[in-house]
Amino acid sequence: MLLVLSEDHKEHLAFLPKVDAAVVGEFGRIALEFLRRGTSPKIYEGAARKLCVPVEMVQRGVEGLMFLMTESSKHMISEVDFLDSVLVLGFVEELNQILLQHHSEIRSVLSLLPSNLPAYHNMEWRLDVQLASRSVRQQVIPMLSLRLLLMRGCDSCTDHSSRVLQTDPSTLLHLISTLEAALVAMKTSHTRRILRNIK
Amino acid sequence: MELSESVQRGLQSLADPSTFDQTSFPALVDVSFRSLLSSHGDPGVLDQPELKQVDQVLLKQSHTAATTFILEAVKQNADKSSVSSSLEELTFSAERIEIFCSTYQKHKKELQHLLASIGRQPPQINDVSWRLQYHMKNGQVDKVNEPFYMISLNTENKGTPEDINFTCTMEQLQDLVGKLKDAAKSVEKASQM
């Protein structure tokens, strides 16, 4: 699969082949840091001063590189395809190497982008017997208290939420049997066929 | 059973044959139990024909005293003998004690159930539904190709249902089911003690 780059994109990256390899390498590293930790204007200003080019050009160059990296990681482009796609930009070997090395890292960073669905993290449980309450004394009611820990979002912006829930022993058995049926569903031939064939 | 002054007074006038005669006594006992068990307050609950001759102020006092007494007895899970002895102390005749106690026995379980439902508790899980889905791609990453489960816990908190939704992988679901099974085993062990 080849990456298609828009005209704007090509323009932004146009000045890179004109500078030396070391600088391009530097830009590549800046772009990676951007992905990992965000960026600051000082870095751009420093680079702009060294190269005697306007700050915006540096910024666009870095952003263009970053976009190139994320797109290639997103689509899991093979080496050959990638080299073909960037051929038109006239890039040097350096950049391609950086990209290929950090491929999987970029992918993992991308996958941590916020997901809207809360995900299971952990569950704690406790068996209690209610003996009395304000309105009734002398009770014997067994109940299970559960604390469900859910996680939402990526590592740095995690939103842990914990819910305290209760259930009685018969509902507990029902929950167990229903969820076991869910686990079995994963092992059916239908599921296996689909998992095998959609890659 | 400890009862306040006004409750004792109200019950004593209920025991008094000159205030409540043979027909009005059982009627008031019935009305007292009924007003506790019905789900809506009925302002006309004391408008029974049998209760017309009773002095209205004393009627109200006795009705309040009787309902308070009943609730206290149910709360303490009092058996027939302790109810009888309390009523005896309040000058009830044996016949009236018998009428009261038989009605008490009849409605005791229902009243206990009613009282037990009062109070705060965490949301109760009633049911669970699940879906198995295959995550192929999203806006940021292509070719994810991972199956995952979407679990929905149907909980109820004092009548208002609420759904708790979350996703989990197969390993996480196995972990969850394992923990629930541990809990079930401990319930079983506890019940055998």
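FYI, it's all coordinate maths here, none of it is from the lab. Just so it is clear, the model here is predicted, and its values are computed rather than measured. FYI the Cβ positions are ideal-geometry reconstructions off the backbone, even for glycines, and counts take in every protein chain you see.
With a Förster radius of 45 Å applied to the beta-carbon distance between B:Leu37 and B:Gln174, the computed FRET efficiency rounds to 0.40.
With Cα atoms defining each centre, region B:144-193 and region B:36-62 are spaced 50 Å apart in the structure.
Once the C-beta distance of A:Val164 and A:Ala185 is scaled by a Förster radius of 22 Å, the resulting FRET efficiency is 0.15 to the nearest 0.05. Each principal axis of the Cα cloud of chain B was taken in turn, and the coordinate range along them, longest first, works out to 90, 43, 25 Å.
Students often get this wrong, so check it: of A:Lys10/A:Lys50; B:Lys60/B:Lys108; A:Lys187/B:Lys189; A:Lys74/A:Lys199, which have C-alpha atoms separated by over 25 Å? Checking Cα-Cα distances, A:Lys187/B:Lys189 exceed 25 Å. For trypsin sites (Lys or Arg not before Pro), the sites in region B:138-186 that DSSP calls loop and that have at most 10 other Cβ atoms within 10 Å are B:Lys158.
Each Lys or Arg adds one and each Asp or Glu subtracts one; over the other residues with Cβ under 13 Å from the Cβ of B:Lys80, this totals -1. Estimated purely from DSSP H runs of n ≥ 4, each contributing -39500 (n - 2.57), the mean residue ellipticity at 222 nm for chain B is -17500 deg cm²/dmol once divided by its residues. Taking label positions 7 Å along the Cα-Cβ direction at both B:Ile118 and A:Leu131, the computed distance is 2.2 nm, reported to one decimal.
The label point for B:Val144 and the one for B:Ile99, both projected 7 Å from the Cα toward the Cβ, are 7.3 nm apart. In plain terms, if you count all Cα to Cα distances in the protein assembly as shown and split them into 10 Å steps from zero, the share in each step is 4, 16, 16, 12, 12, 11, 8, 7, 6, 5, 2, 0 percent.
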